[in-house]
Each structure stands twice: as C-alpha cells, then as structure tokens.
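Below is one structure, written out as structure tokens, with a few remarks after it.
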Amino acid sequence: MASAYINRIATAVPEHDVHAAFVTFAEQMLEDKRMRSIFLRMAAKAEIEHRYSSLSLGETLGPDDVNVHELYSRGSFPATARRMQIFEKAAPVLARRALDRLALTTEERARIKHVIVTCCTGFYAPGLDFEIVDHLGLSTEVERTMVGFMGCYAAINALKLARHIVRSEPSESVLVVNLELCTLHLQETQDLGEVLSFLVFGDGCAASLITSDAVGVEIDSFRALQIPETRGLITWRVGDIGFDMLLSGQVPGAIGKAMRDHAVDFSSAGAVDLWAVHPGGRTILDAVENGLELGPDALKASRTVLSRYGNMSSATVMFVLQELMREARAGQSGCAVSFGPGLTAETMRFHAV
C-alpha cells in the first residue's frame, strides 16, 4: 500500500498584531481592581508576544477593514450574524494568502483531487472549500470535505483523512487547509477565567500538500486518546453573541495526568526526535513536558509558535510542524499531539524523509 507524505506546509496570519491592544482592552473591561491585577500578572506569564487578527486596530483603515474598537464597543458587542458576515469576508483573504505561499505548480494543481478544510470559528455556504477551488483554478470535480467544530485537534483528523485518501488513490493529491478567525468571538464578561481564555487566541491559516511522493515527512500512524471524566472541561457552542467557549482551568492538570498515565504508550512506539505539540497555552505545554518528562528544548518549536502567534485553534499544530520540517533531518521520528473538546488528545506519528 502506498505511503502518504506531507510534502510542504505554508502558513499565514492577518496583518494586524492585536495582542498588546487586547491586554489593555481586557484590563479596562474588568471592573474589579483585584481581577485586573491578577489578569495582568497572568498576561505577563503567558509567554505570548504577538497575536494577529483580521480586525483592524484602526490606524490605517482600508475600505474592507473592520475596526476592532468599533466592533467590540462596551455594552454593544456584535451578534453572531454580524461576526459571521465578517468571517465570510475575511476568511477567503487569509486562505488566499496561505495558498499563494504554498506555491503550487501547474502539475501539482492538476493532481489535487481532494480539498479538506477545517474550521470551528465561522461557517457559510457555499463556503471556503469553493473559494479555495476557485482561487487555485482546480477542477470543479474536486472532492471537498469540511471538518467543522472539532476545535484545536481538527488538523490531525484532516491529515488522517488525507492519509486514507492517498493510500487508496496514490496518483491523487490532497490539499488540506486549516483556517480559524478566533478573534471574532471575544465576549464582554467580568469572568476572569473567560477573559484569560481570550488572552491566548489569534487568527491563522495553514495550507498543506499531501501526496504519495516521498518528500517532506511521512505520516506513519494515528491514535486518539480520550481522557476519562473530562467531557465538560472544553466546550464550544454557537451563542447569540458569537460562539461561547468554556476552557476550564483544570485542563492543564488533566492533560498532565493523562500524559503521565500514557507515557509508556508514547515511548513504546519508538523514540521521538521531533515533538509537534499544540501550544494551547504555556500551562498546556508545561503539562505535556512534565507529564512525558521531556527535555527543556523538546517543545521549542511549540513555544516559538505560541510566542509569535498565540493559539490559532486547528491551524496551530500545522505552524509547529512547519517549524520542525524546516530543520528536520532524514530519518528523524516525530509525534504531533493536539488537544480539544472531549477532552481528547489526537496524535500522529511521522518521520522525516
């Protein structure tokens, strides 16, 4: 049976760096002085320097820009319909940016027979799958699959689908696009936990080419690990005022325990040279590092992505994989791990060719 390879990954973020502005905004939104103080301390420890948004800070507004300060005006945050209108306009722009950087040749485009899109932050139809096909000039007979509302681990599931397709149809290529506009779902709240969850999320897109050509990294295997009694720790639901997230403070502890409990399972599959762990936040990375007893530099790529971009939901682990692929040596083995609702860890073993 043919093997499947991630030949290359291209990534893109919007041009507006909003992290510092959000910290200021969130501090002012919190009315309790003690909560403000705690928030600022936590923000300083988050190890995030930049996060990007499709919403403009208002310095140079173009005709299609949406001013973040006007959208998130105290006392009148936008309804879900307004946020989806912005998504429908901004998401294709970001997708095109990533696709252009993937730099597909005419021959590569002709081989693409399947497009898989992951997203949990915005929906419309005809949707991003059609936008991608049109932008690349792909055949209208291309098969399209949307993986929706799976959260941060959706990219691993998309790669799982891509591997099945390539192994059954070696002459056909798969294009995977992971796009999230997380900053469209900021909520007006006095709950410190909710504000801290908004602190880590940013917008981003990754585009990947998966084929049977032995270039890049070979996808070896997948495993899903559902952590018992954690079903309610991460939830994501469509609300009237945007999408509502619950991200419990118990998540890092639950992940750390699961990593310790299953450390033997990770090691039994062979040594891991390259760790692509989804940087859901600093405490998530710390939990994985401690639970698996990894060295201090094992999660360097994940921490770099967290610092530069924050958590971009399903796109994030692909940013980490891109970082690793730039310097990976032939024969090095790797493990990608991404966490999301369930509470579930989706894992992928791979090796560099």
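Quick look at the numbers
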item: Normalised contact order of the chain, rounded percent, pairs of Cα under 8 Å and 6 or more residues apart; result: 24 percent
item: Per residue solvent-accessible surface (Å²) - region 1-56, probe of 1.4 Å; result: 49 Å²
item: Sequence of T316, T304 from largest to smallest accessible area, 1.4 Å probe; result: T304, T316
item: Cα gyration tensor category, rounded, prolate or oblate, for region 31-125 with a/c compared to 1.5; result: prolate
item: Cβ-defined net charge surrounding F266, 12 Å radius [Lys, Arg +1; Asp, Glu -1]; result: 0
item: Sites V264 and E27, calculated FRET efficiency, Cβ-Cβ separation with R0 41 Å, nearest 0.05; result: 0.40
item: Helix-only mean residue ellipticity at 222 nm for the chain, each DSSP H run of n ≥ 4 adding -39500 (n - 2.57), per residue, nearest 500; result: -11500 deg cm²/dmol
item: Förster radius 51 Å - calculated FRET efficiency between E188 and V215 (Cβ-Cβ, nearest 0.05); result: 0.60
item: Exposure rank, largest accessible area first [L128, L246; 1.4 Å]; result: L246, L128
item: Lysine pairs meeting the criterion (Cα under 30 Å, 8 or more apart or interchain), as found in the chain; result: 9
item: Listed peptides 271-277, 226-232 by packing density, highest first (mean Cβ within 10 Å); result: 271-277, 226-232
item: Å² of accessible area per residue within region 271-353, as computed with a 1.4 Å probe and no ligands counted; result: 32 Å²
item: Heavy-atom accessible surface of the chain: percent carbon and sulfur, 1.4 Å; result: 49 percent
item: Computed E for E141/S76 - FRET, C-beta separation, R0 56 angstrom, nearest 0.05; result: 0.75
item: Under 14 Å, Cβ to Cβ, from C119 - net charge with Lys/Arg +1 and Asp/Glu -1; result: -3
item: Electrostatic dipole magnitude of the chain [Cβ: Lys, Arg +1; Asp, Glu -1; Cα centre; debye, to 20]; result: 440 debye
item: Charge tally in the Cβ shell below 14 Å around G148, where Lys, Arg are +1 and Asp, Glu are -1, G148 excluded; result: 0
item: Cα radius of gyration and Dmax for region 257-353 (Å); result: 12.4, 35
item: Global size of the chain as Cα Rg and Dmax, reported in angstrom; result: 19.7, 62
item: Ranking by accessible area, most exposed first, for R223, R349 with a 1.4 Å probe; result: R223, R349
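The values are calculated or read from the model by the stated rules, or taken from the named source; none is laboratory data. These figures come from a predicted structure and were not determined experimentally. Every residue, glycine as well, gets a Cβ built from its backbone with ideal geometry; the counts of neighbours run over all protein chains shown. Keep in mind that these areas ignore ligands, DNA and RNA; they rest on the heavy atoms of the full protein, side chains included. Shrake-Rupley method; radii C 1.70, N 1.55, O 1.52, S 1.80 Å.
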